[in-house]
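Remarks on the structure that follows.
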Amino acid sequence: MTHTHRATADHGTPDDGPRGFRERAGRYALLPLRVFLGVTFIYAGLDKLTDSAFMSATGTGSIGEMMTAVRDSAAVPALVDLALKNPEGFGYAIALGELAVGIGTLVGLLARLAALGGALISLSLWLTVSWQTDPYYYGNDLAYLMAWLPLVLAGASLFSLDALIAARRRTP
C-alpha cells in the first residue's frame, strides 16, 4: 500500500504536478530580478564612489562633463540644470542612493521603498542621460525603470528582512 502526500499551498512534493510547480515557481519569480537589481545598483554606487574622475565637476569622465553634454538633449533639462548647480553633490547623491537602493533590495529591507528609489533613479537617468538614445530600446535606464516596477508592487516576500520582521510580528 502506498501513501500519497497531497501538496499544500506552502509545501510542494515531487508528485504535485505542473500546478504545484507553477505555484512554487511563482513565489520565487521575483527573486532573480531582486538579486540582479540589488547587485547591479550596489556595484554602480561603489563604482561611482571609487572613481575620482567621475566625482568631479569638470574634466574627462566627470559627472559635470556628462551632465553638460546631455543638457540640451534631455527630456527635462531642468533636472540637468539642478544637477549642474553642484555636480559633485549630485554625483554623491546618485552614488549613495544607488548603494542604499541596492542594499535594501538585496537584503529585502523596506523592499518596496528601495524599489521605488531604484525606479526614481532610473526614471531621472532616463529623462536626462539616456533620453537621446535612438532607438529608445538601446538605452538601459528605461529597461531598469520597468524592471523596478514589479518589485515596487510586490516587495520582497522571500529571503528578506521584511519577511523575517513580518513573521516575528505574527508570532506572539
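Counting the residues of the range 56-88 that are under 17 Å from Leu125 (Cα atoms), open to solvent by 20 Å² or more (accessible area, probe 1.4 Å) and either acidic (Asp, Glu) or not in a helix (DSSP H, G or I) (or both) gives 8. Here Arg71 does not qualify as within 27 Å of Leu151 (Cβ to Cβ) and out of contact with any Phe, Trp or Tyr (no Cβ under 7 Å at 6 or more places or on another chain).
Hey, does the range 9-17 have a residue that's at pLDDT 95 or above and either open to solvent by 40 Å² or more (accessible area, probe 1.4 Å) or out of contact with any helix residue (DSSP H, G or I) (no Cβ under 6 Å at 6 or more places or on another chain) (or both)? No, every residue in the range 9-17 fails to be at pLDDT 95 or above and either open to solvent by 40 Å² or more (accessible area, probe 1.4 Å) or out of contact with any helix residue (DSSP H, G or I) (no Cβ under 6 Å at 6 or more places or on another chain) (or both).
If a residue must be surrounded by fewer than 16 Cβ atoms within 10 Å (Cβ to Cβ) and assigned to a loop (DSSP other than H, G, I, E, B), how many such residues does the range 43-55 contain? Qualifying residue count, the range 43-55: 4. Within the range 48-93, being free of Cβ contacts under 8 Å to residues at least 12 places away in the same chain, among the acidic types (Asp, Glu) and more than 17 Å from Ser130 (Cβ to Cβ) holds for Asp51, Asp81.
Restricting attention to the range 39-46, does a residue exist that is closer than 17 Å to Val129 by Cβ and in contact with a Ser or Thr (Cβ under 9 Å, 6 or more places away or on another chain)? So far as the range 39-46 goes, yes, one or more of its residues are closer than 17 Å to Val129 by Cβ and in contact with a Ser or Thr (Cβ under 9 Å, 6 or more places away or on another chain).
Answer with yes or no whether Leu113 is without any contact (Cβ under 8 Å) to a residue 40 or more places away in the chain, more than 18 Å from Ala29 (Cβ to Cβ) and within 11 Å of the chain's Cα centre (by Cα). Criteria met by Leu113.
The values are calculated or read from the model by the stated rules, or taken from the named source; none is laboratory data. Remember, predicted model here, so these are calculated numbers, not experimental data. Positions of Cβ are backbone-derived with ideal geometry, glycine not excepted, and every protein chain shown enters the neighbour counts. When the accessible area is computed, the model is the full protein with side chains, heavy atoms only, and any ligands, DNA or RNA have been set aside. Shrake-Rupley method; radii C 1.70, N 1.55, O 1.52, S 1.80 Å.
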